[in-house]
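So the structure is just underneath, and the comments pick up after that.
The values are calculated or read from the model by the stated rules, or taken from the named source; none is laboratory data. Small disclaimer: the values here were computed from a predicted structure and weren't measured. For neighbour counting, all protein chains shown are included, and Cβ atoms are generated from backbone atoms with ideal geometry for every residue, glycine included. The protein model used for the area step is the full one, side chains on, heavy atoms only, and it has no ligands, DNA or RNA in it. Shrake-Rupley method; radii C 1.70, N 1.55, O 1.52, S 1.80 Å.
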Amino acid sequence: QVQLVESGGGLVQAGGSLRLSCAASGRTFSSYAMAWFRQAPGKEREFVSAINWSGGMTYYADSVKGRFTISRDNAKNTVYLQMNSLKPEDTAVYYCAGASYYYTSRTKYDYWGQGTQVTVSS
């Protein structure tokens, strides 16, 4: 069992940066692939980025490629999402999730955090 708690969201102007963190409980964190998803009002939850158990493999949605960076620190049981050059369309609730592999489909993820709001003003 893994419990996930996101933090780091907030209000930022377009072009700014934020770093999201997702702290995991449980001693098996390092065996899980982790991902970030986001959900804007009235829209489905969409894949943002994923990372494998070791951090050696990462994957990004085209909409964030080159602007966002996912990383993890297994010693701290934490996964991060560094978000640069933010745009108003990045506004959403951001969720971290855990699974056995770095899938892009939300249905493959077993564990979810409660989400953190990111708002980008124009």
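Structure summary
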item	result
Residues located in the stretch 72-92, provided they are open to solvent by 30 Å² or more (accessible area, probe 1.4 Å), touching a residue at least 60 places away in the same chain (Cβ under 8 Å) and closer than 22 Å to G42 by Cα	K87, P88
Among (1) on the phi < 0 side of the Ramachandran plot; (2) open to solvent by 60 Å² or more (accessible area, probe 1.4 Å), the one test that G42 misses	(1)
Verdict on T69 being surrounded by 15 or more Cβ atoms within 10 Å (Cβ to Cβ) and without any contact (Cβ under 8 Å) to a residue 40 or more places away in the chain	yes
Residue identified as crowded, with 16+ Cβ neighbours inside 10 Å, touching a residue at least 60 places away in the same chain (Cβ under 8 Å), part of a loop (DSSP other than H, G, I, E, B) and more than 14 Å from the chain's Cα centre (by Cα) among V2, V12	V2
Condition check for G98: among the small types (G, A, S), part of a strand (DSSP E or B) and open to solvent by less than 40 Å² (accessible area, probe 1.4 Å)	yes
Residue within the stretch 83-95 that is over 19 Å from S17 (Cα atoms), over 10 Å from the mean Cα position of the chain (by Cα), modelled with pLDDT of 95 or more and in a loop (DSSP other than H, G, I, E, B) present	no
Selected residue (only one of G26, G55 is assigned to a loop (DSSP other than H, G, I, E, B), at positive phi and in contact with a strand residue (DSSP E or B) (Cβ under 8 Å, 6 or more places away or on another chain))	G55
Sole exception among (1) open to solvent by 60 Å² or more (accessible area, probe 1.4 Å); (2) polar (S, T, N, Q); (3) under 14 Å from the mean Cα position of the chain (by Cα) for S21, by number	(1)
Among residues of the stretch 1-50, those that are within 20 Å of K87 (Cα to Cα) and of a type in the set (V, I, T), counted	2
Residue count, the stretch 40-57 (criterion: within 13 Å of T104 (Cβ to Cβ) and of a type in the set (G, A, S))	2
All positions within the stretch 101-121 that are of a type outside the set (V, I, T) and either more than 18 Å from G9 (Cβ to Cβ) or open to solvent by less than 60 Å² (accessible area, probe 1.4 Å) (or both)	Y101, Y102, Y103, S105, R106, K108, Y109, D110, Y111, G113, G115, S121
